[in-house]
Amino acid sequence: KQCYRLTELSLFLVMPLFYSFCRVLNLLLLLLLVFTVAMGQSNANAMRVLVVGAGSISREYALHHFNPSSTNTVVVGIVDLNEEKAIDLATQVGSAQAGAVVRNDDNNKYKARVLSTSKGTPVPHFTDIKVALETLSDSIDIVYIGTTPKSHRRLVEESFQHGKHVLLEKPLAANIEDADAIIAAAATSNCILAMDIGMRYNPALQELRNRVLFQNELGKPQKLRASLKMHYQQWPREWQTQPWCASREEGGPLREVGTHFFSALLEFVGAHHYEKDCPATRPSVRAKVRATVDYPNHDGACETSASGVIAFEGGDLPPEGLHVEFSVVTDAPGDMYELTITPDESSNSNNKSLTLFDFVSLRNQNGKVFVRDASYGRKECVQALVAATIGSENETAPSVVTAQHGRNAQRILDAVVNSKGDYVAIDFDR
């Protein structure tokens, strides 16, 4: 009898806890159901992306930037000439879409991987873009091209022929002819081509531009000067394992990193009239380049060093423009990416300067940091293309970096490579 009473008492104490547990469990299951439905609807409304190339930059995009929550995109397929690489990235994308955690090995975003590939189903993989476009057909909205520069023209033209928008890695192309052909294809297509050059959206560069040109933090000089240092401990860098990165035709520090900073300079001076409040009276930008580029003795290898001057006039610059002295070194004690702006010597008695360093940070001459480790702008490149494809009228939506804008950066690159110590004049597309 006493045992029976103890059992009754135990049930009296335990049952409320059991019912509470059931209610919490039901609530969690309901929340899981709502989340699953929401994710399904989000994926259904997302722009569908075919990723072409399974190298380091494509991995970053596929695992970090193409997702419904941040860019309203979802990866639907992977293409790479190396089927093993295509399978690997397709598997990881499928796992990430099923909720697997993505990490960067060695804190390097170019070494993105999922912690476990046991979740989810791999997205389709292919070794030929034409087969992918024909197989997935109406299941693709955007083609991301993260392959070598020499392949860009063919892949862009193939994508346009199938009616797909394109997000294209920089540089625009490996040579002038291919660059002009891509621009012509974009001009005659009903689809949009956007360049993956994130400097336009870089908060540190925007702050540099505002402080120098509009807030007069360096005073009101007649002329600005700049020092651009692109110094590397080695080239190719440790994570650049593909042979083309060291080739003169497609790789090298000027093409791979210089394109970012040439784009940054064009954004800084106001060469591209894309802002909604851009004054109609803003002068066109012109430049002249004088440079020397050094190559190793063996044929086909990329540059080992370079130096020269880029002189800009027009845009939002003061009357006498911006004089940029740049240098490229491939045997430096450590990597350094710095763009320092100063007033002309005659008006810089206080030694004022502002420096964009490590791509995404900004400091002054005293070491005071105004922006640190900001977003480079890759996510914004995707957001800009998505907004353009749906015809967004959102005033805050970023504007696309067009093929013409990418071509402008390549014009500086071409002038540097072809100068051989003589001045080369450049006019830019707006």
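The values are calculated or read from the model by the stated rules, or taken from the named source; none is laboratory data. Computed from a predicted structure; not experimentally measured. FYI the Cβ positions are ideal-geometry reconstructions off the backbone, even for glycines, and counts take in every protein chain you see. The accessibility values were calculated without ligands, DNA or RNA, using every heavy atom of the protein model including side chains. Shrake-Rupley method; radii C 1.70, N 1.55, O 1.52, S 1.80 Å.
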Averaged per residue, what accessible surface does segment 278-428 expose to a 1.4 Å probe, in Å²? 47 Å²
Let me see the pair-distance distribution of segment 99-163: every alpha carbon pair, 5 Å bin width, integer percents in order. 3, 13, 19, 16, 17, 17, 12, 3, 0
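Could you tell me which of rounded, prolate or oblate describes segment 155-274, using a ≥ b ≥ c as the square roots of the eigenvalues of the alpha-carbon gyration tensor, with rounded for a/c under 1.5 and, failing that, prolate when a/b is larger than b/c and oblate otherwise?
Because a/c hits 1.5 or more and a/b fails to exceed b/c, segment 155-274 counts as oblate.
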Using the Karplus equation 6.51 cos²θ - 1.76 cosθ + 1.60 (θ = phi - 60°), what ³J(HN,Hα) coupling, rounded to whole Hz, does each residue of segment 373-379 give in order, writing x for Gly and Pro? 6, 6, 5, 5, x, 5, 4
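Based on the mean of other Cβ atoms within 10 Å per residue, sort peptides 201-214, 179-192 so the most packed one is first.
Most protected by this proxy first, the peptides run 201-214, 179-192.
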Among 229/420; 229/288; 150/288; 130/379, which pairs are too far apart, with a Cα-Cα distance over 25 Å? 150/288; 130/379
Residue 175-residue 427 FRET efficiency (beta carbon distance; Förster radius 25 Å; 0.05 resolution): 0.80
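Given C-alpha coordinates of segment 275-371, what is the ratio Rg to Rh with the Kirkwood estimate of Rh?
1.04
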For residue 214 and residue 161, compute 0.36 nm times the residue count separating them, minus their Cα-Cα distance, and round to one decimal in nm. 14.7 nm
Listed peptides 166-177, 325-336 by packing density, highest first (mean Cβ within 10 Å): 166-177, 325-336
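Can you compute the equivalent ellipsoid semi-axes for segment 75-206, i.e. the square root of 5 times each eigenvalue of the Cα gyration tensor, sorted largest first and rounded to whole Å? Can you show the working numbers first?
Values: eigenvalues 147, 81, 35 Å².
Output for segment 75-206: semi-axes of 27, 20, 13 Å.
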Which value results for Rg/Rh of segment 298-430 when Rg is the Cα radius of gyration and Rh the Kirkwood radius based on the inverse mean 1/r? 1.00
To the nearest 0.05, how large is the calculated FRET efficiency for residue 305 and residue 45 if R₀ is 41 Å and r is the Cβ-Cβ distance? 0.25
Mind checking which aspartates and glutamates have their Cα closer than 18 Å to the Cα of residue 368? Skip sequence neighbours fewer than 8 apart in that chain. 207, 217, 338, 358
Just how large is the dipole of segment 170-225 about the Cα centre, in debye to the nearest 20, putting +1 at every Lys and Arg Cβ and -1 at every Asp and Glu Cβ? 500 debye
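What is the extension gain from residue 284 to residue 135, computed as 0.36 nm multiplied by their sequence separation minus the C-alpha to C-alpha distance, in nm to one decimal?
This chain segment gains 49.1 nm when fully extended.
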